[in-house]
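Have a look at the structure below, then the notes.
The values are calculated or read from the model by the stated rules, or taken from the named source; none is laboratory data. Just so it is clear, the model here is predicted, and its values are computed rather than measured. Positions of Cβ are backbone-derived with ideal geometry, glycine not excepted, and every protein chain shown enters the neighbour counts. Only protein heavy atoms, including side chains, enter the accessible area calculation; ligands, DNA and RNA are left aside. Shrake-Rupley method; radii C 1.70, N 1.55, O 1.52, S 1.80 Å.
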Amino acid sequence: MDYTLTAEQQRIIEHPLGRHARVLAVAGSGKTTTMVHRVRYLVMDLEEDPRHIRVVMFNRLAREDFQKQLQKAVFEVGKRPKVLTFHALAYALRTEAEKKGLLAPYAQLWTGDKEELALICMHRAIDSLMREGVIEDDVDPKEALDAVGLWKASLIPPERAGHRTNPDLPDVYRRFEEFRLEARALTFDDFVPVALDLMQRNRAFHRRFAGRLDHLIVDEYQDVNYGQEQLLKLLAGGRADVMVVGDDDQTIYEWRAARPDYILHG
């Protein structure tokens, strides 16, 4: 296929091996095309092993768009590396741990069309605390779930949680987690912390997955949170060439603890 690439895009595509790259790309600059051709350059021109390349996209729609473009650029299926979202990456690690017997299987996933179960659990947590007199004022369940999501994104457990305007929320977080674990359930917010905890606690699992990649390419890097950043560091180890792409002016997930500092100063 005939692609028209700018000189700047070509420099990114042919970025030297053995060096990390932080690419600031504004909206409309063709970053997806550039990333696709970076992958093509690695697997076709340099004959890098696609099994040792991982592309991480921020959400499912971005991943699907990237995969479509990659199919056009790299015809041979076996030459295409895995393209995953952060949640899919963490989910894959957890599933592998379950198969190896390193982690007890969870009974429920409170995700997708079952996210309502997390809200029901939060209602239960708040009601139980009010009945016991632990909290006196009613707490909005959705506000509490948002707070829990922020804490988990920042890898803050209930015992270290604090809230500037609502001191009851840490107690709600603690009770919600008690009920969630009792139900052996996972929410989307648990995927990355569980994967990280597993990588950090189990040496065999850490050796199997940490530092095994040659190339790690991350899109929308301005939107990563602390937990996601730590997962990337573990996967990259001291081996992978890391290329992160994003626009520090387009951080849209700051309410989920994302910080553009990672792309500016990471």
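Out of the total accessible area of segment 20-110 (probe 1.4 Å, heavy atoms of protein only), what percent is carbon and sulfur?
On the way: 2400 of 4800 Å².
Roughly 50 percent, rounded to a whole number.
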Relative contact order of the chain, pairs being alpha-carbon contacts under 8 Å that are 6 or more residues apart, as %:
24 percent
How far, in nm, would the chain grow between ARG22 and ASP140 when pulled straight, counting 0.36 nm per residue and subtracting the alpha carbon separation?
38.5 nm
Label zone at GLU132, where the point sits 7 Å out along the Cα-to-Cβ direction: segment 146-181 residues whose backbone N lies under 19 Å:
148, 157-163, 167-181
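Set the Förster distance to 22 Å, then compute FRET efficiency between LEU46 and ARG207 from the Cβ-Cβ distance, nearest 0.05. Could the numbers behind the result be given before it?
Numbers: r = 27 Å, r/R0 = 1.21.
My answer for the efficiency is 0.25.
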Nearest 10 degrees is fine. How inclined is helix 169-182 to the longest principal axis of the chain, computing both from alpha carbons?
80 degrees
Overall Cα dimensions of segment 63-148, principal axis frame, Å, largest first
63, 32, 19
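Given the Cα-Cα distance of LEU119 and THR6 and 0.36 nm per residue of separation, how much length would full extension add, in nm?
Working: separation 113, 0.36 × 113 = 40.68 nm, distance 4.84 nm.
Extending this stretch completely gives an extra 35.8 nm.
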With the other protein chains left in place, how much accessible area per residue, in square angstrom, belongs to the chain at a 1.4 angstrom probe?
54 Å²
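For a test of the definition: using alpha carbon positions, the gyration tensor, and the 1.5 limit on a/c, classify segment 149-191 as rounded, prolate or oblate.
Values: a/c = 2.47, a/b = 1.45, b/c = 1.70.
Oblate, since a/c reaches 1.5 and b/c is not below a/b.
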For segment 163-230 and segment 48-115, compute the distance between their C-alpha centroids and round to whole Å.
16 Å
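Past 24 Å, Cα to Cα, is the threshold; run LYS31/LYS68; LYS99/LYS142; LYS68/LYS152 against it and keep the listed order.
Working: LYS31/LYS68 15 Å; LYS99/LYS142 34 Å; LYS68/LYS152 32 Å.
Table pairs above 24 Å Cα-Cα are LYS99/LYS142; LYS68/LYS152.
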Taking N as the residue count of the chain, its alpha carbon Rg divided by 2.2 N^0.38 Å gives 1.12
Relative to the chain, whose Cα atoms define the longest principal axis, helix 86-99 and its Cα axis are tilted in degrees, nearest 10, by 70 degrees
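Tally the DSSP beta bridges in the chain and give the antiparallel ones as a percent, rounded to 5. Please list the in-between numbers first.
Working: 0 of 19 bridges.
If I count the DSSP bridges inside the chain, around 0 percent turn out antiparallel.
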Helix 141-153: angle to the longest alpha-carbon principal axis of the chain, degrees 0 to 90, nearest 10?
50 degrees
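Within 10 Å, count the other beta carbons around each residue, average over each peptide in 139-145, 99-105, 172-178, and list them highest first. The partial results should precede the final answer.
On the way: 139-145: 17.1, 99-105: 12.1, 172-178: 21.3.
Final packing ranking: 172-178, 139-145, 99-105.
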